[in-house]
1. When you go through (1) in a helix (DSSP H, G or I); (2) closer than 30 Å to V22 by Cβ; (3) modelled with pLDDT of 95 or more one by one for E206, which number turns out not to apply?
2. List every residue pair whose Cβ atoms lie under 8 Å apart, where the two residues are 6 or more positions apart in sequence or sit on different chains, the first residue falls within the range 225-238 and is among the hydroxyl-bearing types (S, T, Y), and the second residue, located anywhere, is part of a helix (DSSP H, G or I).
3. Condition check: assigned by TED's automatic domain parsing to the domain that holds R230 and either under 30 Å from R211 (Cα atoms) or in contact with a Pro (Cβ under 8 Å, 6 or more places away or on another chain) (or both). Does A103 satisfy that?
4. Could you check the range 46-129 for helices (runs of 4 or more DSSP H) lying wholly inside it with 3 or more residues that are out of contact with any Asp or Glu (no Cβ under 7 Å at 6 or more places or on another chain) and closer than 23 Å to V22 by Cβ?
5. Residues in the range 144-155 that are crowded, with 16+ Cβ neighbours inside 10 Å and more than 10 Å from S269 (Cβ to Cβ): how many?
6. Filter the range 234-250 down to the residues that are within 25 Å of Q109 (Cα to Cα) and either exposed (fewer than 15 other Cβ atoms within 10 Å of the Cβ) or of a type in the set (A, V, I, L, M) (or both) and list them by number.
7. Of the conditions (1) assigned to a helix (DSSP H, G or I); (2) touching a residue at least 40 places away in the same chain (Cβ under 8 Å), W192 clears all except one; give me its number.
Amino acid sequence: MLDVRRLRLLRELKLRGTIAAVANALSYTPSAVSQQLALLEEEARVPLLVKAGRRVQLTPEAELLVEHTVALLERLELMEAEIHSSLTEVRGKVRLAVFQSAALGIIPQALSIIAEEHPQLRIEMTQREPESALFETWTREFDLVIAEQYPGHAAPRHPDLDMLPLYADELSLAVPHESGIMSLADTTQSAWVMEPRGTASRHWAEQQCRRAGIEPDVRYETADLQAHIRLVESGHATAILPGLVWGSRTPTVALRPMPGLPRRTVFTSVRDSSVSRPSIVACREVLERVVLALAPE
């Protein structure tokens, strides 16, 4: 009988490419991963790995095992969902990945509702950028992800992950009070704070500035939107901020509408095999209630 945990390690190696990457993702040591894969090779009685320079490659027999492992993990998850659906009480653990502004604007209220209505449900939240969070949900490191998609940008798609729209989040120009800035065209002399290069939000913000005829003077770069707010509050920068960063709080900076009133799409994703898990259904239902309360009148 082949060990399911070792089969999962083989699948992780297929996905991540190196034993070191598998060890890092699963909090193992590389030697422990290698040892488990060697035991799996003994169980299977066929070669599974061949050396290719400093790396290893999967043999055709290993590729076949990975294909069956994917189906096996899906069946196990479906079985767990069906067993849990017979329970009258929502319980268990949901590993949630979320980006920063959703963590600020949605999660506190959602946790309060879950604690009151589903006290046997444990939520473990980790902040992740949407691109990596979606991948890690697909690889089963998380059960549920809240991710974002900017106008004109498509979020990464992974097989067997669904995509359920949650919120249309307005994007606004954020400027210091008394700055006199009313639109993007007035920011030619402004210092900007933006998220790091390579992020969808940074690319989108730069494109909006250029369409308005300006090249943004990006002096400050950080993924922390609370730092964006403080820089704008103190009069040192201009930014483009999503509405979710405020949650139910009153904005502390002046917000100006962007051309075309753009909104980013906030959505949730889970694996198809866990869509019907009562804990997942309950979490999604609570998230929908929270964002409904945030929607403008």
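1. It is condition (2) that E206 fails.
2. T238/V232
3. no
4. Of the helices (runs of 4 or more DSSP H) lying wholly inside the range 46-129, those with at least 3 residues that are out of contact with any Asp or Glu (no Cβ under 7 Å at 6 or more places or on another chain) and closer than 23 Å to V22 by Cβ span 60-85.
5. So the answer is 3.
6. Residues satisfying the conditions are I240, L241, L244, V245, S248, R249, T250.
7. (1)
Results for (1) free of Cβ contacts under 8 Å to residues at least 40 places away in the same chain; (2) surrounded by fewer than 21 Cβ atoms within 10 Å (Cβ to Cβ); (3) within 30 Å of V275 (Cβ to Cβ), shown as yes or no for each residue.
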| position | (1), (2), (3) |
| --- | --- |
| L134 | no, no, yes |
| R157 | yes, yes, yes |
| L164 | no, yes, yes |
| A168 | no, yes, yes |
| L171 | no, no, yes |
| M182 | no, yes, no |
| T199 | no, yes, yes |
| E215 | yes, yes, no |
| E221 | yes, yes, no |
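The values are calculated or read from the model by the stated rules, or taken from the named source; none is laboratory data. On a predicted model such as this, the values are computed, not experimentally measured, just so you know. Cβ atoms come from the backbone with ideal geometry, glycine included; neighbour counts cover every protein chain shown.
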